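**Student:** Starting off with a structure, shown below.
The values are calculated or read from the model by the stated rules, or taken from the named source; none is laboratory data. Small disclaimer: the values here were computed from a predicted structure and weren't measured. Cβ placement follows ideal geometry from the backbone for every residue including glycine, while neighbour counts extend to all protein chains displayed.
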Amino acid sequence: MTSAPVLALRGVSKRFGAVQALTDVELEVHAGEVVALVGDNGAGKSTLVKTIAGVHPIDDGQIEWEGRPVHINRPQDAQHLGVATVYQDLALCDNLDVVNNLFLGRELKRRGTLDEVAMEQKARELLDTLSIRIPSVRIPIASLSGGQRQVVAIARSLIGEPKIVILDEPTAALGVEQTAQVLDLVERLRERGLGVILISHNMADVRAVADTVAVLRLGKNNGTFPVQQTTQETIIAAITGATENAVTRRAARTAEAAK
Amino acid sequence: MSNDTKTTPNTMPGPAVDPRLLQRESGLSGYLTEFVRKVRGGDLGSLPVIIGLIVIWLVFSLNDDKYFAASTAEFIAYYMVGIGLLAVGLVFVLLLGEIDLSVGAVSGLAAAVYAVLSVNDHVDPWLAVLLTLLTGTAIGALHGFVFAKIGVPAFIVTLAGFLAWQGVMLWLLGNSGTINLDDKGLNHFLSGNSYFLGGDISGAYILAVLAVASLLFGGFSEQRRRRSAGVPFKPTSELVLRAALLAIGAFGAAYVLNQASGVPNALVLFLALLIICDFVLRRTSYGRKIFAVGGNIEASRRAGISVPAIRISVYAISGTFAALGGLAIAATTNAAGQAGGDPNNLMMAIAAAVIGGTSLFGGRGRVWSALLGMLVIESINAGLYMLGLTLDIQYMITGGVLLAAVVVDSLSRRTQKSSGRA
Ligand SMILES: Nc1ncnc2c1ncn2[C@@H]1O[C@H](COP(=O)(O)OP(=O)(O)O)[C@@H](O)[C@H]1O
Ligand SMILES: [Mg+2]
C-alpha cells in the first residue's frame with residue numbers, strides 16, 4: 001500500500017503498575033486493508049486495541065490519524081475520529097429489536113420523538129448493502145443465532161460511519177457456517193474501503209481474510225507479514241518466539257513417527 | 001400453509017426482508033396466524049389478563065346478580081386510580097429490572113405532607129400539591145442516588161425507605177393521627193363526587209370518541225409514512241380491527257359509567273397520565289434508554305447511555321407517582337391518616353403492574369399494565385366486598401392472583417428462552 005495509513009501507532013507503550021503491557025509497538029492500518037493482530041494469550045492484543053479505542057490512554061509514543069498526530073484519551077475521542085470497536089462480548093440488548101439495537105444511543109429523531117420509520121429504512125439499507133440475512137429487522141435480538149448477533153453487532157459499529165473497525169475475536173464462539181458469514185462481512189467492510197483490525201486465534205480465518213498479519217509477542221512487535229507471501233510456520237514461529245517451538249517439535253515428532 | 005415457508009429464516013433468499021410484510025399481506029387471517037405464533041412463543045401480551053378479567057366478571061356475576069351493575073363499574077373506575085398511580089411508577093422501575101418497595105410509604109407520607117401544608121399551614125392548595133409532588137420526586141431521587149451511585153441494592157434501599165418514610169409520616173401526623181382535608185384544589189378534583197364535565201352524559205362519549213379517533217388517526221398516519229418510506233406497515237384491516245376493539249371497550253365503558261354518575265375526574269387524570277407515560281416510554285429516546293438499561297446494562301453503557309442518570313430519574317418518577325397516588329388515595333376518604341402508608345397498597349401496586357403484564361425481569365412491559373392489573377384487582381375486591389367476604393379472604397385471593405401472575409411471567413420467560421427469545 002502506498003497511500004498514508006489511516007491509523008498508525010508509533011512506538012506506543014503502555015504500563016499497568018508493574019506490568020509493561022506494550023513496549024514500542026508499531027502498527028499501520030490503511031483504508032481497505034484487513035490487518036490481523038495475532039499473538040499468544042497475554043501478548044497484549046486486547047490492550048493494544050483498547051488504547052486505540054480510548055479505553056486505556058497510552059503512556060508513550062504517538063497515534064497518528066490520517067498522518068496527523070492525535071490524542072485518544074476517552075472512548076468518545078476514538079469514536080469522533082472514526083474508530084468503531086466490536087468487543088468480544090457483543091453488548092446488544094436482547095429485549096430490543098434489531099433496528100433499536102443498531103441505533104441505540106444515536107436514535108434518529110423527528111420533531112423530538114423517535115423516528116422509527118427512518119431508522120427502519122436506514123437499517124434495512126445498511127443490512128442490504130452488507131448482504132446480512134436476518135428474518136426481520138423488527139424481531140428482538142434474543143431470537144437471533146450467534147452468527148446473526150455477531151453480524152448485527154458489526155453492522156451496529158458501522159452506523160457512525162467509521163474509517164477503522166476493530167473486531168476482537170469475532171468468530172471465537174461461532175460454528176463453521178456462521179464463521180463464514182462473519183468472514184464474508186469482513187471482506188465487505190474491506191470492499192467499502194474501511195480499515196479492519198481483526199484479532200483472532202484462528203489461523204485459517206486469518207489466512208482467509210487478512211491482507212497483513214501483525215504479530216505481538218510479550219508486548220512487542222514480532223514481525224509484520226503480508227499474508228499471501230508468508231507460510232503458516234513463519235507466523236507461528238513469530239507468535240511463539242522461536243523456530244524451535246511446541247508446534248515444530250510436534251511436527252518433527254509426527255514426521256519421525258511416520259518413518 | 002404457504003406463509004410458513006416464507007418466514008423461516010433459513011429458506012429466506014436474499015437480504016433482510018420483513019416476514020410480517022409477507023404474512024400480513026393475507027390480511028386478517030395472516031394477523032391471526034401471527035398472533036397464535038406469538039402466543040406459542042411465549043409472547044403472551046395482554047391475553048392472560050383479558051381472559052382473567054372475563055372469568056372474574058363471569059364468576060362474580062353468577063354468584064351475585066347485582067355485581068354486573070353500573071355502580072360496581074363506577075366503584076372500580078374510581079377506586080383503582082390511587083393504587084393505579086403507584087403502579088404506573090412501579091412499571092418504570094420494573095422495566096429497569098428493579099423494585100421499589102417504598103411507594104406505599106411514600107404515598108402515605110405525601111398525603112401527610114399535603115395535609116400539614118394545606119390544612120395546618122394554610123398554604124395554597126395547588127402550591128401544596130406541587131410541593132408534595134416535589135417531595136415525592138426528591139425522595140425517589142434519593143433512593144435512586146443511593147442505589148445507582150453508592151451501589152446499595154435497590155431492594156434494600158427502598159426497604160429502608162419503606163420503614164423510614166412511614167416513620168416520618170407518623171411523626172408529621174402527630175397525636176391526632178388523622179388530618180381532615182379541605183374539599184378544594186386537587187383534593188376536590190380527585191374526590192368521589194367530581195366528574196368529567198360535571199357528569200354530563202356527553203362527557204363519557206366525548207372521551208370515547210377522542211380515544212378511538214386518535215387511535216385511527218395515529219394508525220393511518222403511521223401507515224402512510226411507512227408506505228411512502230417503503231417499509232412494512234400494518235394493513236388497514238388490522239388498524240380497523242384494533243380501533244373496533246377499542247371502540248367496543250371505550251363506548252361500553254362510557255355507556256356503563258353514564259348509567260351511574262359519569263366518568264370520575266380521577267379516572268380522566270389517570271388515563272391522561274397513562275397516555276403521556278406510554279408516549280414517553282415508546283416514542284422518546286429517554287424511554288428507549290429505560291428499556292435498554294433493563295435489557296443489558298453493559299450494552300447501554302457502551303452505547304453512551306448514562307446508566308446512573310437513568311436509574312436516578314426512574315426512581316424519581318416512581319417517587320412522584322407515589323406522591324400523586326397518595327393524594328388520590330387521601331382524596332377517597334378526604335383525610336390523611338395513619339392508614340395512608342398501608343403496606344397492602346404497595347403489594348396491590350406491584351401485583352397490578354405484574355398482573356397487567358409487565359415483567360419482573362426487566363426490559364418488557366407497558367404502562368397500560370397498571371390499568372389492566374388494577375381492573376383485575378378492583379374487580380376482585382368489588383366482588384368480594386359484595387359477597388360480604390372479609391379482608392382476610394380478600395388478601396388471600398389477591399395474593400393468589402399475584403402469585404399466578406408471577407408464575408405466568410416466569411413461565412412465559414422460560415418459553416421465550418426455549419424458543420430463543422430471551
Ligand atoms: N487493566 C489491566 N491492569 C493490569 N494489567 C493488565 C490490564 N490489562 C491487561 N493487563 C496485562 O497486560 C498483559 C497483556 O494482556 P492482554 O492485552 O489482555 O493480552 P491478549 O489480549 O493478547 O491476550 C497481560 O500481562 C495482562 O495481565
Ligand atoms: Mg485478549
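**Student:** In the stretch A:63-71, is there at least one residue being within 28 Å of A:Gly241 (Cα to Cα) and either surrounded by 22 or more Cβ atoms within 10 Å (Cβ to Cβ) or more than 16 Å from ligand 2 (Cβ to nearest atom) (or both)? Step through it out loud before you land on a result.
**Tutor:** So the first thing to find is which residues in the stretch A:63-71 are within 28 Å of A:Gly241 (Cα to Cα), and the list is A:63.
Narrowing the set further to residues that are either surrounded by 22 or more Cβ atoms within 10 Å (Cβ to Cβ) or more than 16 Å from ligand 2 (Cβ to nearest atom) (or both) leaves A:63.
Yes, the stretch A:63-71 has at least one match.
**Student:** Given the conditions (1) more than 14 Å from the chain's Cα centre (by Cα); (2) crowded, with 22+ Cβ neighbours inside 10 Å, which single one is not true for A:Gly17?
**Tutor:** Answer for A:Gly17: the failing condition is (2).
**Student:** Here is a list: A:Asp24, A:Asp97, A:Asp59. Which entry is surrounded by fewer than 22 Cβ atoms within 10 Å (Cβ to Cβ), more than 16 Å from ligand 2 (Cβ to nearest atom), in contact (Cβ under 8 Å) with a residue 40 or more places away in the chain and not assigned by TED's automatic domain parsing to the domain that holds A:Ala210? Talk me through it step by step, then tell me what you get.
**Tutor:** Working: A:Asp24 fails: not assigned by TED's automatic domain parsing to the domain that holds A:Ala210; A:Asp59 fails: not assigned by TED's automatic domain parsing to the domain that holds A:Ala210.
None of the other options fit; the residue is A:Asp97.
**Student:** Within the stretch B:292-301, identify whether any single residue is farther than 29 Å from A:Asp115 by Cβ and out of contact with any Gly (no Cβ under 6 Å at 6 or more places or on another chain), and answer yes or no.
**Tutor:** No, the conditions are met nowhere in the stretch B:292-301.
**Student:** Now for a different question. Could you list all residues from the stretch B:117-156 that are in contact (Cβ under 8 Å) with a residue 24 or more places away in the chain, surrounded by 15 or more Cβ atoms within 10 Å (Cβ to Cβ) and under 13 Å from B:Glu98 (Cβ atoms)?
**Tutor:** Result: B:Gly140, B:His143, B:Gly144, B:Phe147, B:Ala148, B:Ala154.
**Student:** Going through B:Gly326, B:Gly363 one at a time, which residue ends up being of a type in the set (Gly, Ala, Ser) and within 14 Å of another protein chain (Cβ to nearest Cβ)?
**Tutor:** B:Gly363
**Student:** So which residues in the stretch B:199-231 are part of a helix (DSSP H, G or I) and touching a residue at least 24 places away in the same chain (Cβ under 8 Å)? Reasoning before the result, please.
**Tutor:** So the first thing to find is which residues in the stretch B:199-231 are part of a helix (DSSP H, G or I), and the list is B:199, B:201-229.
Correct list: B:Gly199, B:Ile201, B:Gly203, B:Ala204, B:Tyr205, B:Leu207, B:Ala208, B:Ala211, B:Val212, B:Leu215, B:Leu216, B:Gly219.
**Student:** Ok, one more. When you scan the stretch A:105-120, do you find a residue that is in contact with a Lys or Arg (Cβ under 8 Å, 6 or more places away or on another chain), closer than 30 Å to B:Phe233 by Cβ, more than 9 Å from chain B (Cβ to nearest Cβ) and modelled with pLDDT of 90 or more, even just one?
**Tutor:** Looking through the stretch A:105-120, at least one residue is in contact with a Lys or Arg (Cβ under 8 Å, 6 or more places away or on another chain), closer than 30 Å to B:Phe233 by Cβ, more than 9 Å from chain B (Cβ to nearest Cβ) and modelled with pLDDT of 90 or more.
**Student:** Look through A:Gly54, A:Gly32, A:Gly82 and report the one residue that is on the phi > 0 side of the Ramachandran plot and within 16 Å of ligand 1 (Cβ to nearest atom). Walk me through it before giving the result.
**Tutor:** Numbers: A:Gly32 fails: within 16 Å of ligand 1 (Cβ to nearest atom); A:Gly82 fails: within 16 Å of ligand 1 (Cβ to nearest atom).
Answer to the selection: A:Gly54.
**Student:** Taking A:Ala43 and the conditions (1) more than 16 Å from ligand 2 (Cβ to nearest atom); (2) within 22 Å of A:Asp211 (Cα to Cα), which numbered condition does it fall short on, given that it satisfies the others?
**Tutor:** (1)
**Student:** Let me confirm something: among A:Arg124, A:Arg110, A:Arg138, which residue is of a type in the set (Lys, Arg) and touching a residue at least 24 places away in the same chain (Cβ under 8 Å)? Before the answer, list the steps.
**Tutor:** Working: A:Arg124 fails: touching a residue at least 24 places away in the same chain (Cβ under 8 Å); A:Arg110 fails: touching a residue at least 24 places away in the same chain (Cβ under 8 Å).
After ruling out the rest, the residue left standing is A:Arg138.
**Student:** What about B:Leu101, is it outside any helix (DSSP H, G or I) and surrounded by 20 or more Cβ atoms within 10 Å (Cβ to Cβ)?
**Tutor:** Working: outside any helix (DSSP H, G or I): yes; surrounded by 20 or more Cβ atoms within 10 Å (Cβ to Cβ): yes.
Judged against the criteria, B:Leu101 is a match.
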